[in-house]
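The values are calculated or read from the model by the stated rules, or taken from the named source; none is laboratory data. None of these values were measured; they are calculated from a predicted model. Here the Cβ positions follow ideal geometry from the backbone for every residue, glycine too, while neighbour counts run over all protein chains shown. These area figures cover heavy atoms from the full protein model, side chains too; ligands, DNA and RNA do not enter into them. Shrake-Rupley method; radii C 1.70, N 1.55, O 1.52, S 1.80 Å.
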Amino acid sequence: MQKYGHFLLLAPGVIWMILFLVVPLLMMLYVSFWTQSTFSISPDLTVKSWVTFFSSETYFGALLRTLRIWLTVLVLTFVIGYPAALFIGQHVRNKTVQTILLVACVIPFWTSFLIRVLAWRPMLGKEGAINIVLQKFGLISQPIEVLLFTELSVIIGMVQIYVVFMVGPIAFMLARIDDSLIEAARDLGASSWRIFRKVIFPLSLPGVVVGAIFVSVMVLGEFATASALSGRKVNLLGNIIVTQVGSLKWAFAAVIGVVLTFVMAVVIIGLLRVVNLRREL
């Protein structure tokens, strides 16, 4: 019995994953091959829904748009989040202050997700705060209309919401770096840029990968931010799933769900190949 004790410890988690992850995914894959009519669905297997998805410019375009927005948000959250994490993890030595700064990053999450998204409307609108300030300072003569109800507004909203998921893991890894490594590199004559490139950034890479996984999973599955900030003009795969489920087109919704799951899996596997998290964390 003692020999198999570690397997017994794993059993609850494994059973949970099988029942509530593997089985639903297999069921979704199975339903994606069902025959869908206007008002009903039957378990007669067909590839019609798959052909419709990949042959439709609208749906395949939504896939490309989702990937484009995901990549843009991922890059921007890294560009904005890494300097903040570097400041917290390397330049703030007091652990209490570090904790306070990290808590400050998550303060927006103390409010509703919907409120945080909708708060951008009065900021980005044609008569919003940003346009008013720019006009007051004479930087623009006419309001910038591209700020709201466009793909740009969706990207701005997502970056603001998800950048904290990039800051946290990176700051954690940066705070773990032994100061003696940096001092040794400095004593050997390395410049600040070389220390960052050869010591700090490689050691913080596991945090970058973890943050990228968090951001990727949430952005790829997004639908609420796109609906609220684009006026339903920017349709991501998540928006199409919601629409298809609302129209009782379960087979087609399952097709998009399988495609989205596959895309997420490819992205996560690709990110995990960058660094061995089991060894580094």
- Expected sort for 31-37, 193-199 on mean C-beta neighbours within 10 Å, highest first, is 31-37, 193-199
- So what J values fall out for the range 53-61 if you push phi through Karplus, 6.51 cos²θ - 1.76 cosθ + 1.60 with θ = phi - 60°, rounded to Hz, Gly and Pro as x? 5, 7, 9, 8, 5, 5, 6, 5, x
- Query: So, with a 1.4 angstrom probe, what is the percent of accessible area on the chain that is carbon and sulfur?
  - Reply: 71 percent
- Given Cα pairs under 8 Å that are at least 6 residues apart, what percent is the relative contact order of the range 169-271? 24 percent
- Cross-link partners of Lys249 among lysines (Cα-Cα below 23 Å; sequence separation of 8 or more within a chain): Lys48, Lys233
- Message: Residue by residue through the range 200-216, what is 3J(HN,Hα) from phi via Karplus (6.51 cos²θ - 1.76 cosθ + 1.60, θ = phi - 60°)? Round to whole Hz and write x for glycine and proline.
- Response: 5, 5, x, 6, 8, 4, x, x, 4, 5, 4, x, 5, 5, 4, 5, 4
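If each DSSP helix of 4+ residues adds -39,500 (n - 2.57) and the sum is divided by the residues in the chain, what number results at 222 nm, nearest 500 deg cm²/dmol? Don't skip to the end; give the middle numbers.
Values: 17 runs with 191 residues, N = 281.
Calculated mean residue ellipticity at 222 nm is -20500 deg cm²/dmol.
Kindly report the accessible area of the chain per residue (heavy atoms of protein chains, probe 1.4 Å, no ligands, DNA or RNA), in Å².
Details: 16680 Å² over 281 residues.
Accessible surface, normalised per residue, equals 59 Å².
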- Item | Relative contact order (%) - criterion: Cα under 8 Å, at least six apart; region: the range 1-127 | 9 percent
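If R0 is 41 Å, what FRET efficiency do you get for Phe54 and Thr111 from their C-beta distance, rounded to 0.05? Don't skip to the end; give the middle numbers.
On the way: r = 40 Å, r/R0 = 0.97.
Calculated transfer efficiency: 0.55.
May I ask you to derive the relative contact order of the range 168-218, considering only C-alpha pairs under 8 Å and at least 6 residues apart, and to give it as an integer percent? Kindly include the intermediate steps, with their values, before the conclusion.
Values: 29 pairs, mean separation 29.2, N = 51.
Dividing the mean separation by the residue count of the range 168-218 yields 57 percent.
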- Message: I need the peptides 21-30, 203-212 ranked by packing, meaning the mean over residues of other C-beta atoms within 10 angstrom, with the highest value on top.
- Response: 203-212, 21-30
- Karplus-derived HN-Hα couplings along the range 117-134 (A = 6.51, B = -1.76, C = 1.60, θ = phi - 60°), whole Hz, x at Gly and Pro: 6, 5, 5, 6, 4, x, 7, 9, x, 4, 10, x, 4, 5, 5, 5, 5, 5
- Task: Take peptides 138-146, 118-126 and line them up by average Cβ neighbours within 10 Å, highest first, as a rough protection proxy.
- Result: 118-126, 138-146
